[in-house]
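Everything on this sheet refers to the single structure shown next.
Every number in this text was worked out from the coordinates using simple rules, so none of it is lab data. Computed from a predicted structure; not experimentally measured. Ideal geometry is used to build each Cβ from the backbone, glycine not excepted, and the neighbour counts take in all protein chains shown.
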Amino acid sequence: MKNTHRLGIHTLLLITLIIVLMNVVACDDRQSHKSKRPRRIIKRKRNVESVEGPIGLKLSYIQHDKQYPPGDLQQALEDSSNPSIINEVYTLVRVKDGDTIVVSNSSGDITVRLLGVDTPEKNDDRQIVRYFAEQATLFVESLIKDKSIRLGVDPINTKSNHLDRYGRLLAYVYSVEDSINVNAEIIRQGYGFSYVKYPCMYTDYFSALEREARNNRLGLWKD
């Protein structure tokens, strides 16, 4: 009887040991399987630092080349690779804002959207933006008030008849007396920045002027 009892205990212990060993092997297999799984690589989005002006205007740097438009009107008239100068002389009616003016000739008034340049908006909620919008308006007025004005259109915009969706003429503005390219001068003096919404042959040049104004802390780029 005692031998039978001992045999039963030994059998029970053996079964228990087998079960434990099986669990250990199964555990090792699971761990091995996990280690063979390809690691999941989570790509985190890099924080891209936006380039902003001191008044919160979101801007971006553009690659610059060495394309420079003529600063004076006479060169623009002579060089066929430059804007097509309209054979009319205009007078200023009013400056609506830093990038939009109304001019007039014998045919009537024309609203002109200065091509390749943008300035702060007068109706912005932020006071500092409205301030710079007013400064840009006054600056443009100082360049062309009581002066003869010539307009140049960009061949790039021929398909749109040189008009934007509001019917404004997209053009470069020149002061005849001073031979100044007003579009470029606005950016050069820091009252506006290069604008790429409408095609413009001088995007790289205007962007280079913006960079210079930014580096020199002119106009709206002041600290």
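Within the set Lys145/Lys197; Lys122/Lys159; Lys96/Lys122, which residue pairs have Cα atoms separated by over 19 Å?
Values: Lys145/Lys197 27 Å; Lys122/Lys159 31 Å; Lys96/Lys122 10 Å.
Distance filter (> 19 Å) returns Lys145/Lys197; Lys122/Lys159.
For the stretch 151-165, in order, what is each residue's ³J(HN,Hα) by Karplus, 6.51 cos²θ - 1.76 cosθ + 1.60 with θ = phi - 60°, in whole Hz (x at glycine and Pro)?
10, x, 9, 9, x, 4, 9, 4, 5, 8, 6, 6, 10, 8, 5
Amide H to amide H under 5 Å from Leu163: which residues, 5+ apart in sequence or cross-chain, H placed 1.01 Å off N in plane?
Residues meeting the amide H criterion: Leu170.
Residues with amide H under 5 Å of Lys96's amide H, sequence separation 5 or more or different chain, H placed in the peptide plane at 1.01 Å from N; which?
Under 5 Å from the amide H of Lys96: Ile101, Val102.
Return the sequence-ordered ³J(HN,Hα) values of the stretch 133-138 in whole Hz as given by the Karplus equation 6.51 cos²θ - 1.76 cosθ + 1.60 applied to θ = phi - 60°, using x for Gly and Pro.
Result, ordered by residue: 4, 5, 5, 5, 4, 5 Hz.
Fully extended, how many nm does the chain gain between Arg165 and Gln127 (0.36 nm per residue separation, minus their Cα-Cα distance)?
10.9 nm
Counting only other residues whose beta carbon sits under 15 Å from that of Gln127, what net charge do I get with K and R as +1, D and E as -1? Let's see the in-between values first.
Details: positive: Lys122, Arg126, Arg130; negative: Glu121, Asp124, Asp125, Glu134.
In short, -1.
What is the sum of charges around Leu218, taking Lys and Arg as +1, Asp and Glu as -1, for the other residues whose C-beta is under 9 Å from the C-beta of Leu218? Could the numbers behind the result be given before it?
Values: positive: Arg188, Arg214, Arg217, Lys222; negative: Glu212.
Overall, the nearby charge balance is +3.
Please work out the Cα convex hull volume for the stretch 70-221 and give it in Å³ per residue.
Working: hull volume 16.4 nm³, N = 152.
Normalising the Cα hull of the stretch 70-221 by residue number yields 108 Å³.
In terms of modelled amide H atoms, which long-range or inter-chain residues lie less than 5 Å from the amide H of Lys147?
Residues meeting the criterion, in which the H sits 1.01 Å from N, are Leu92.
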